[in-house]
Amino acid sequence: MKIADCRVIVTCPGRNFVTLKIETDEGVTGIGDATLNGRELAVATYLTEHVVPALTGRDPARIEDTWQYLYKGAYWRRGPVTMSAIAAVDMALWDIKGKVAGLPVYQLLGGRSRDGVTVYGHANAETVDEVLTEVDRYVQLGYRAVRVQTGVPGLATTYGVSKDRLFYEPADAAVASEATWDTASYLAHTPGVFARVRDAFGPGLKLLHDVHHRLTPIEAARLGKSLEPYALTWMEDPVPAELQQGFRLIRQHTTTPVAVGEVFNTVWDCQQLITEQLIDYVRTTVVHAGGITHLRRIFDLAALYQVRSGSHGATDLSPVSMAAALHVDLAIPNFGLQEYMRHTEETDAVFPHGYRFENGYLHPGEQPGLGVDIDEEAAARYPYRPKALPVNRLVDGTLHDW
Ligand SMILES: [Mg+2]
């Protein structure tokens, strides 16, 4: 079997997605996600100009060799554009291998280690009273874990708080919108939110919170300490993670578990975080970190150090990535949690898929391969629209982390 043809499909059914479709000379096809929120066309061009020409004629069964060829062969290693492009190829090749074998991909990864993949949803609202209603909505839907975000008094907008509750999409304008941030107000407000939520829902519900890289290590340590009475499952992205040793300071001061990694591209971005046990969950995604092949390598390293997976699963990943993530989640021994934001009806129609939500768990389904497809006619009805993520400034105008 040989790779006969590849094409890059860009579509915007509510938000932009980049998909690679690989066709073989024997008629078996595979698809992979290459979506990089706000920088979609950079990956689409990388694939079209630099990857697709090298794939034609290759044996699709050689997944590891193709991964090494694209990683080492580029000379320029790592980075979100390169690693998202490699991820798309890797996912598509696993999809083909599963279809050829007649098995869902999780069976090729060693079979299932659990009955279902525990997911968490996003409860968000401007006020604490409103967020209690939102948490309850997820509890009624069957969720066992909920991320809680509220507005901060005095700030016009806050990360993670949306108008459209189930379908939050921050990349909402062609030119980046600007938000304002004030750390002191946030630190004063947040513990009270979790006091109310924990009091209302009791100890059984897993609660999570995303700091979105906005604090310094000592501020994050203070937040973690103030949240200890409410037993969070994790505090996410407390500080920007370029400085891995910065997490030592957080660790020295709080027992609130730490999760990080949605912007990581390779194992080298979290090698110190994992081997020094500075985090509890690594949130790297299948699309931004080189696909199933490399994500499993990261999670295998993490398993040695009692660090669990907590994969990013926002709507900026297409259903192709969600399916690929679920196969990995089901198979690995050190699964923690999987983020699950629901896609819009339009997106689900463009990407018909076999995974399903049931009783707080996602299941990847039993279709051979990834169990997800792209309806190219439907995709063509939604042309690309430029969308940028917001930027963030302190009240004095200083550019801050968004
Ligand atoms: Mg996050």
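Any idea how many residues of segment 369-399 are outside any helix (DSSP H, G or I), more than 14 Å from Thr347 (Cβ to Cβ) and acidic (Asp, Glu)?
Count: 1.
Quick check on Tyr382: is it open to solvent by 60 Å² or more (accessible area, probe 1.4 Å) and over 30 Å from Pro217 (Cβ atoms)?
yes
I need the full set of residues from segment 295-321 which are open to solvent by 10 Å² or more (accessible area, probe 1.4 Å), more than 14 Å from the ligand (Cβ to nearest atom) and within 17 Å of Met91 (Cβ to Cβ), in order please.
Arg296, Arg297
Go through (1) modelled with pLDDT of 95 or more; (2) at negative phi one by one and return the number of the condition Gly360 breaks.
(2)
Of the numbered conditions (1) hydroxyl-bearing (Ser, Thr, Tyr); (2) surrounded by fewer than 18 Cβ atoms within 10 Å (Cβ to Cβ); (3) assigned to a helix (DSSP H, G or I), Thr190 fails exactly one; give the number of that condition.
Evaluating Thr190 over (1) hydroxyl-bearing (Ser, Thr, Tyr); (2) surrounded by fewer than 18 Cβ atoms within 10 Å (Cβ to Cβ); (3) assigned to a helix (DSSP H, G or I) leaves (2) as the failure.
Of the numbered conditions (1) touching a residue at least 24 places away in the same chain (Cβ under 8 Å); (2) within 25 Å of His327 (Cα to Cα), His50 satisfies every one except a single condition; which is it?
Unmet condition: (2).
Okay, residues lined up against (1) out of contact with any Ser or Thr (no Cβ under 7 Å at 6 or more places or on another chain); (2) buried (at least 24 other Cβ atoms within 10 Å of the Cβ); (3) in the same structural domain as Thr266 (by TED's automatic domain parsing); (4) of a type in the set (Val, Ile, Thr):
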site	(1), (2), (3), (4)
Gly57	yes, no, no, no
Trp67	no, no, no, no
Leu93	no, yes, no, no
Arg112	yes, no, yes, no
Asp115	yes, no, yes, no
Thr118	yes, no, yes, yes
Ala123	yes, yes, yes, no
Gly142	yes, no, yes, no
Ala145	no, no, yes, no
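For segment 256-284, give me each residue that is open to solvent by 10 Å² or more (accessible area, probe 1.4 Å), within 16 Å of the ligand (Cβ to nearest atom) and not in a loop (DSSP other than H, G, I, E, B).
Matches in segment 256-284: Asp269, Tyr281.
Pick from Ala88, Ala101: which is within 30 Å of Glu49 (Cα to Cα) and in contact (Cβ under 8 Å) with a residue 60 or more places away in the chain?
Sole residue among the options that is within 30 Å of Glu49 (Cα to Cα) and in contact (Cβ under 8 Å) with a residue 60 or more places away in the chain: Ala88.
Taking Val135 as meeting all but one of (1) in a helix (DSSP H, G or I); (2) in contact with a strand residue (DSSP E or B) (Cβ under 7 Å, 6 or more places away or on another chain); (3) surrounded by fewer than 23 Cβ atoms within 10 Å (Cβ to Cβ); (4) not basic (Lys, Arg), write down the number of the exception.
Evaluating Val135 over (1) in a helix (DSSP H, G or I); (2) in contact with a strand residue (DSSP E or B) (Cβ under 7 Å, 6 or more places away or on another chain); (3) surrounded by fewer than 23 Cβ atoms within 10 Å (Cβ to Cβ); (4) not basic (Lys, Arg) leaves (3) as the failure.
The values are calculated or read from the model by the stated rules, or taken from the named source; none is laboratory data. As the structure is a computational prediction, the values presented were derived from the model and not from experiment. Every residue, glycine among them, receives a Cβ derived from its backbone with ideal geometry; neighbour counts consider all protein chains shown. Please note that ligands, DNA and RNA were not included when accessible areas were found on the heavy atoms of the full protein model with its side chains. Shrake-Rupley method; radii C 1.70, N 1.55, O 1.52, S 1.80 Å.
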